[in-house]
Amino acid sequence: MKRLICLVLTLILLTGCGKTAPEQPEEENLIVVGISQVGAESDWRVANSESMKSVFTESRGYRMLFEDARQIQENQIIAVRRFIQQRVDYIVLMPLSETGWDSVLQEARDAGIPVILVDRMVDVEDDSLYAAHVGSDFYAQGRKAVTWIEREYCMRAGAVNIVHIQGTPGSTAQLGRTGALEEGLAAHENWNLLAQLDGDFTQAKTYEVMCRYLDELPPEQEIDVVYCENDNEAFGAIEALEKRGYRCGRDVNVICFDATRNALKLCMEGKIALAVECNPLLGPLVDDTIQSIEKGFTPQKHHYIEEQQFTSRNLTQEIIDGREY
């Protein structure tokens, strides 16, 4: 289905001469895409939105309707229903959490509008309610971090003390990264989970909860690893730790996910021990998916983007300077 955006031909009668205005094109074929974004809670999310906006332009054959949900799932559901009413050609959804989508996705399918999930997944009984998913394997990302901890502390006889700062509860990134760490904790008797804190993927909240936790921590209690589920949580955790005298990279190892430019800078300085990449530049992959459907093909159901991991040992200034986000 392709929506035709009509440009109405207006006849302007000029007094006394009967002339008409020059003719305009009668119609313009644009693919209309409605995008429901979670918000702008992190550097990653901002880069992800910019990737979409750079791809879905009129010069590339698209008309984009962009809605920022401000971290509220109900706003996303309202936005999707608005897109259905506007009879868009495609809906691109970055779901805040995995549950609660069955009804509105059914409405989109009944209207004949393919839904493409970006970044996070949805937990629905019928996976035909969405056409495709483009994003990252968050569990695999978490496994990379767990493997790093295993190697870094393989000779440790005593406890490896871990503080875990979670992302938005119920989101695919939180579930995958948390699941990998919890498996690691279960597999290693000497791994000790000191605390599991809610950072909600934001720097400000992480700083707040980390400060509160450190203020209540007995002076003799050591922290070996702070496992942050995105870069912005790491920024908040480092700020809190350093304010209380911890030396990040020496007293405590901070792990994070996303690997944005600012995180890579801290990683090169040694303040972040491990940065696991989560690539936000998904606009071109969504474009590929839409073009595949336009040509009558069935798109790949899940398209996971290739990603790397960084430590101070494999980082260069060239890599940081070449980072697009």
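The values are calculated or read from the model by the stated rules, or taken from the named source; none is laboratory data. Please read all numbers here as calculations on a predicted model, not as lab measurements. Glycine also receives a Cβ, built like all others from the backbone with ideal geometry; neighbour counts cover every protein chain displayed. Quick note on the areas: whole protein, heavy atoms, side chains included, nothing else; ligands and nucleic acids left out. Shrake-Rupley method; radii C 1.70, N 1.55, O 1.52, S 1.80 Å.
Pick out, from the range 209-325, the strands (runs of 3 or more DSSP E) lying fully within it that include 1 or more residues that are among the charged types (D, E, K, R).
Details: elements: 225-228, 253-258, 274-277, 302-304.
Fully inside the range 209-325 and qualifying: 253-258, 274-277.
Considering the range 204-217, the residues that are closer than 26 Å to A40 by Cβ and either touching a His at 6+ places or on another chain (Cβ under 7 Å) or free of Cβ contacts under 8 Å to residues at least 40 places away in the same chain (or both) include one that is least open to solvent (accessible area, probe 1.4 Å), namely C211. Only one residue in E269, E220 is at pLDDT below 95 and open to solvent by 10 Å² or more (accessible area, probe 1.4 Å). Which one? The unique qualifying residue is E220.
With the requirement that a residue be assigned to a loop (DSSP other than H, G, I, E, B) and either among the aliphatic types (A, V, I, L, M) or surrounded by fewer than 21 Cβ atoms within 10 Å (Cβ to Cβ) (or both), what does the range 94-105 give you?
As a first pass, look at the range 94-105 and keep what is assigned to a loop (DSSP other than H, G, I, E, B): 94-101.
Listed by number, the residues that qualify are M94, L96, S97, E98, T99, G100.
Of the numbered criteria (1) open to solvent by less than 40 Å² (accessible area, probe 1.4 Å); (2) in a helix (DSSP H, G or I); (3) not small (G, A, S), the one I162 fails is (2). From the list A108, A140, A145, exactly one residue is part of a helix (DSSP H, G or I) and either surrounded by fewer than 19 Cβ atoms within 10 Å (Cβ to Cβ) or among the aromatic types (F, W, Y) (or both). Which is it? None of the other options fit; the residue is A140. Kindly evaluate A187 against the criterion of being open to solvent by 50 Å² or more (accessible area, probe 1.4 Å), of a type outside the set (S, T, Y), at pLDDT below 95 and farther than 21 Å from T311 by Cα. It is false that A187 is open to solvent by 50 Å² or more (accessible area, probe 1.4 Å), of a type outside the set (S, T, Y), at pLDDT below 95 and farther than 21 Å from T311 by Cα. Within the range 65-93, if we keep just the residues that are assigned to a loop (DSSP other than H, G, I, E, B) and farther than 16 Å from I113 by Cα, the residue that is least open to solvent (accessible area, probe 1.4 Å) turns out to be A69. Assess whether F201 counts as being assigned to a loop (DSSP other than H, G, I, E, B) and either closer than 23 Å to W148 by Cα or of a type in the set (V, I, T) (or both). Yes; evaluated as a whole, the condition is true for this residue.
Which members of the range 28-64 meet the condition of being among the small types (G, A, S), more than 15 Å from the chain's Cα centre (by Cα) and outside any loop (DSSP other than H, G, I, E, B)? Even if it seems obvious, please write down each step before you answer.
From the range 28-64, those among the small types (G, A, S) are 34, 36, 39-40, 42, 47, 49, 51, 54, 59, 61; that's our starting set.
Filter once more, so that each one left must be more than 15 Å from the chain's Cα centre (by Cα): 34, 54, 59, 61.
Selection gives G34, S54, S59.
In the set N253, N230, only one residue is under 15 Å from L266 (Cβ atoms), open to solvent by 10 Å² or more (accessible area, probe 1.4 Å) and either among the acidic types (D, E) or under 26 Å from the mean Cα position of the chain (by Cα) (or both); that residue is N253.
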